[in-house]
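Peer 1: First, the structure itself, so that you have it in front of you.
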Amino acid sequence: MPERGEPVVVELGAGTGPFTAEIQRRLGGRGRHLAVEIDPLLAQRLRHRHPEAEVIQRDAVHLRHLLDERGIESADVVVSGLPWALFPSATQHQLMNAAAAVLAPAGAFTAFTYLHAVPLTPARRFRELLANRFEEVVPSRTIWRNTPPAFVLHARRPRP
């Protein structure tokens, strides 16, 4: 998360809002935070719990259009809580293309994933997709206190 300025942060799959709350805390009233959630009930709950976030109830594959509607040229950060290891190849590609297309040249993409999913074919495919779409992909340390254990993939500088 940029520490200065007015960053645009896009959250994919905001769900029940744990990342939403942390993004809001880190922004501290700066910039814009778009929380994209496809489920109408979850989107409604997010709007109630986090009125400072712009909650958008739509499919994240339409990300470019969602930003255009709001007059936003690019995002500084895309944070994903989407279950990438559960998606078929075509869906992974659509979502990754959508996310990479809206990132600023120095933008960052961050995805939370679970350790038990690492050997699964869709999870391996997702990591390969990240490596192909970004100049740098760095995994965090394993977060053992999370149930189940998890880690974060940080991808920087989207390839054209």
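The values are calculated or read from the model by the stated rules, or taken from the named source; none is laboratory data. Keep in mind it's a predicted model, so treat the numbers as computed, not measured. Because the Cβ atoms are built from the backbone with ideal geometry, glycine has one as well, and the counts that use them run over all protein chains shown. Quick note on the areas: whole protein, heavy atoms, side chains included, nothing else; ligands and nucleic acids left out. Shrake-Rupley method; radii C 1.70, N 1.55, O 1.52, S 1.80 Å.
Peer 1: Restricting segment 116-151 to residues that are open to solvent by 60 Å² or more (accessible area, probe 1.4 Å) and among the aliphatic types (A, V, I, L, M), which is nearest to V77 (Cα to Cα)?
Peer 2: Filtering segment 116-151 for residues that are open to solvent by 60 Å² or more (accessible area, probe 1.4 Å) and among the aliphatic types (A, V, I, L, M), the one nearest to V77 (Cα to Cα) comes out as I143.
Peer 1: Every residue in segment 88-132 that is modelled with pLDDT under 95, within 23 Å of P149 (Cα to Cα) and of a type in the set (A, V, I, L, M, F, W, C), please.
Peer 2: F112, L115, A117, V118, L120, A123
Peer 1: Name the residues in segment 24-45 that are open to solvent by 10 Å² or more (accessible area, probe 1.4 Å), among the aliphatic types (A, V, I, L, M) and closer than 22 Å to G71 by Cβ, would you?
Peer 2: Applying the first criterion (open to solvent by 10 Å² or more (accessible area, probe 1.4 Å)) to segment 24-45 yields 24-26, 28-32, 37-42, 44-45.
Cutting the leftovers down to among the aliphatic types (A, V, I, L, M) gives us 38, 41-42.
Within segment 24-45, none qualify.
Peer 1: Test of understanding: among R47, R25, which residue is under 16 Å from M1 (Cα atoms) and free of Cβ contacts under 8 Å to residues at least 12 places away in the same chain? Let's see the steps before the verdict.
Peer 2: Values: R47 fails: under 16 Å from M1 (Cα atoms).
R25 is the lone residue from the list that is under 16 Å from M1 (Cα atoms) and free of Cβ contacts under 8 Å to residues at least 12 places away in the same chain.
Peer 1: I've got another one for you. Across segment 54-110, what is the total count of residues that are among the polar types (S, T, N, Q), in a helix (DSSP H, G or I) and open to solvent by 30 Å² or more (accessible area, probe 1.4 Å)? Please lay out each step first, then the result.
Peer 2: In the first step, residues of segment 54-110 are kept if they are among the polar types (S, T, N, Q); the result is 57, 74, 80, 89, 91-92, 94, 97, 110.
Those still in the list that are in a helix (DSSP H, G or I) too: 89, 91-92, 94, 97.
This time we only want the ones that are open to solvent by 30 Å² or more (accessible area, probe 1.4 Å), so: 89, 91, 94, 97.
Residues flagged as among the polar types (S, T, N, Q), in a helix (DSSP H, G or I) and open to solvent by 30 Å² or more (accessible area, probe 1.4 Å) within segment 54-110 amount to 4.
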